[in-house]
Amino acid sequence: MSLFIDKDKSTTLDDDELLLSTFEDVHEADTLEYPRSAITFRPDGSLNGFQNGTFIYCPNSDKADLEGLALSVSQTGRIRIKSTDKCQKK
């Protein structure tokens, strides 16, 4: 996952754009889901368009008893982290 200044709003990092940070991929046994392909922040910290949503991180998804994390991003740019049971196998 990469964090960068997307001057041309292509949602992909181009050679002339500033890379701010990169994050390690999640372990292959874990899952990370988000309902959109990108998040774009405005200069005031709010989200551009209707990009609010929730990241769902499920550690070691083959174990049904592990609790996951939900990281919700609101339209105003506020972020909340809480536990989720969406990782529990039925």
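Quick look at the numbers
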item	result
Some residue of segment 15-23 being assigned to a loop (DSSP other than H, G, I, E, B) and among the aliphatic types (A, V, I, L, M)	yes
In segment 65-89, residue nearest to the chain's Cα centre (by Cα) [restricted to those that are part of a strand (DSSP E or B) and either hydroxyl-bearing (Ser, Thr, Tyr) or at pLDDT below 80 (or both)]	72
Selection count where residues are surrounded by 14 or more Cβ atoms within 10 Å (Cβ to Cβ) and either free of Cβ contacts under 8 Å to residues at least 12 places away in the same chain or in contact with a helix residue (DSSP H, G or I) (Cβ under 8 Å, 6 or more places away or on another chain) (or both), scope segment 1-47	1
Odd one out for residue 45, checked against (1) in a loop (DSSP other than H, G, I, E, B); (2) on the phi < 0 side of the Ramachandran plot	(2)
Segment 6-48 - residue that is over 16 Å from the mean Cα position of the chain (by Cα) and within 20 Å of residue 79 (Cβ to Cβ) and, of those, modelled with the highest pLDDT	44
Pick from segment 48-59, criterion in contact (Cβ under 8 Å) with a residue 12 or more places away in the chain and in a loop (DSSP other than H, G, I, E, B), ranking: farthest from residue 8 (Cα to Cα)	59
Test for residue 62: is it at pLDDT 90 or above, in a loop (DSSP other than H, G, I, E, B) and exposed (fewer than 11 other Cβ atoms within 10 Å of the Cβ)	no
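The values are calculated or read from the model by the stated rules, or taken from the named source; none is laboratory data. Nothing here was measured: the structure is a model prediction, and the numbers come from that model. For neighbour counting, all protein chains shown are included, and Cβ atoms are generated from backbone atoms with ideal geometry for every residue, glycine included.
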